[in-house]
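Enquirer: I have a structure here, written as structure tokens, and I will follow up with some questions on it.
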Amino acid sequence: MIEVVIGCGVLAGVVSTLAGQGGGLLALLALSAAIGPREALVLTAPGLAIANVHRAWVFRASIDRAVTRRMFAPIAAASLVVGVLAVKAPPALLRALLVVATGLALAKALGWARFQVNPRWLAPAAASVGAFGACSGGAGLLLTPVLVSVGLSGESLIATSQTLALALNAGRLVGYSAGGSVTRAILVMAAVMTGALLVGNAVGIRLRRRMREESLRRVELATMCAATALVALGAR
């Protein structure tokens, strides 16, 4: 089991740093197939939050502070509230939400689905992202289009999305804890995954600076195809 956690952590760190999203969903799906969706949601939250801190710090000069101020509190509050409810939900419902998240991810990567948000609706959009992310792990699917719609791209997009993802992952971790699902065993495995995520971040940062935009796009598409395969595996 520990080998699976380490592998998922490294992969999530590399993918999220290269593509700006998708790594957390990929790790969540792999762990869900191995240990179940509720446990996977709880296990990934601490490591992803710390990995968000790392990536946000590396790209801190590019954070859009105006957007962050408008979205940070709503995304954190919604993820906390829904996090309390998510750990009490039936596993079948959580698996269904994972399927929805993966379907949206693949449609977005293939260009079949495009999301646009009016900048005036940033706070409600942030709350929606927080709620969806807390119960499905698919926050990036909604968060990235919201940020793109207000003009963010490149390192500014990565830096701001990681800062807001920190709010989401920290909020849902508090929610899971309030729901009684954060055990000592989960925390030990989460610590292992955190170390693996940070290694993946470091590898991803080095790779990103050597890759072209077209190659990064291929990484995103490959990630979503792998996520679809994992959903099929989990369903079986």
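The values are calculated or read from the model by the stated rules, or taken from the named source; none is laboratory data. The structure displayed is predicted, hence computed values, not measured ones. Heads up, the Cβs are rebuilt from the backbone with ideal geometry, glycines too, and the neighbour counts pull from every protein chain shown.
Enquirer: Looking only at region 81-90, count every residue that is over 17 Å from the mean Cα position of the chain (by Cα) and not in a loop (DSSP other than H, G, I, E, B) and tell me the total.
Expert: Matching residues across region 81-90 total 3.
Enquirer: Now for a separate question. Hey, any hits in region 161-179 for a residue that's outside any helix (DSSP H, G or I) and either at pLDDT 80 or above or touching a helix residue (DSSP H, G or I) at 6+ places or on another chain (Cβ under 9 Å) (or both)?
Expert: Looking for residues that are outside any helix (DSSP H, G or I) and either at pLDDT 80 or above or touching a helix residue (DSSP H, G or I) at 6+ places or on another chain (Cβ under 9 Å) (or both), one finds at least one in region 161-179, hence yes.
Enquirer: Of all residues in region 127-154 being at pLDDT 85 or above and farther than 23 Å from W112 by Cβ, which is surrounded by the fewest Cβ atoms within 10 Å (Cβ to Cβ)?
Expert: A127
Enquirer: Collect the residues in region 42-72 that are in contact with a Ser or Thr (Cβ under 8 Å, 6 or more places away or on another chain) and within 20 Å of L25 (Cβ to Cβ), keeping them in residue-number order.
Expert: Residues satisfying the conditions are V42, P46, G47, I50, A51, N52, R55, A56.
Enquirer: While we're on this one: Modelled with pLDDT of 85 or more and touching a helix residue (DSSP H, G or I) at 6+ places or on another chain (Cβ under 7 Å): is that true of V182 in this structure?
Expert: Answer is no for this residue.
Enquirer: Among A73, A78, A101, which is the only one that is under 18 Å from the mean Cα position of the chain (by Cα), at pLDDT 90 or above and buried (at least 23 other Cβ atoms within 10 Å of the Cβ)?
Expert: On inspection, the qualifying residue turns out to be A78.
Enquirer: I want to confirm something. Restricting to region 81-98 and keeping residues that are among the aliphatic types (A, V, I, L, M) and modelled with pLDDT of 80 or more, which single residue is farthest from V42 (Cα to Cα)?
Expert: Step one: list which residues in region 81-98 are among the aliphatic types (A, V, I, L, M), which gives 81-82, 84-87, 89, 92-94, 96-98.
Within this subset, residues satisfying the condition of being modelled with pLDDT of 80 or more are 81-82, 84-86.
Working: V81: 14, V82: 13, V84: 11, L85: 12, A86: 10 Å.
The residue in question is V81.
Enquirer: Same structure again: Can you name the number of the only condition in (1) surrounded by 21 or more Cβ atoms within 10 Å (Cβ to Cβ); (2) among the aliphatic types (A, V, I, L, M); (3) closer than 18 Å to N169 by Cα that L18 fails?
Expert: In the conditions (1) surrounded by 21 or more Cβ atoms within 10 Å (Cβ to Cβ); (2) among the aliphatic types (A, V, I, L, M); (3) closer than 18 Å to N169 by Cα, L18 misses (3) alone.
Enquirer: Residues in region 28-42: is at least one buried (at least 19 other Cβ atoms within 10 Å of the Cβ), of a type in the set (S, T, N, Q) and either within 11 Å of the chain's Cα centre (by Cα) or in a loop (DSSP other than H, G, I, E, B) (or both)?
Expert: No, because not a single residue in region 28-42 is buried (at least 19 other Cβ atoms within 10 Å of the Cβ), of a type in the set (S, T, N, Q) and either within 11 Å of the chain's Cα centre (by Cα) or in a loop (DSSP other than H, G, I, E, B) (or both).
Enquirer: Counting only residues that are small (G, A, S) and part of a helix (DSSP H, G or I), which one in region 180-197 is farthest from I75 (Cα to Cα)?
Expert: Filtering first and then ranking leaves A185.
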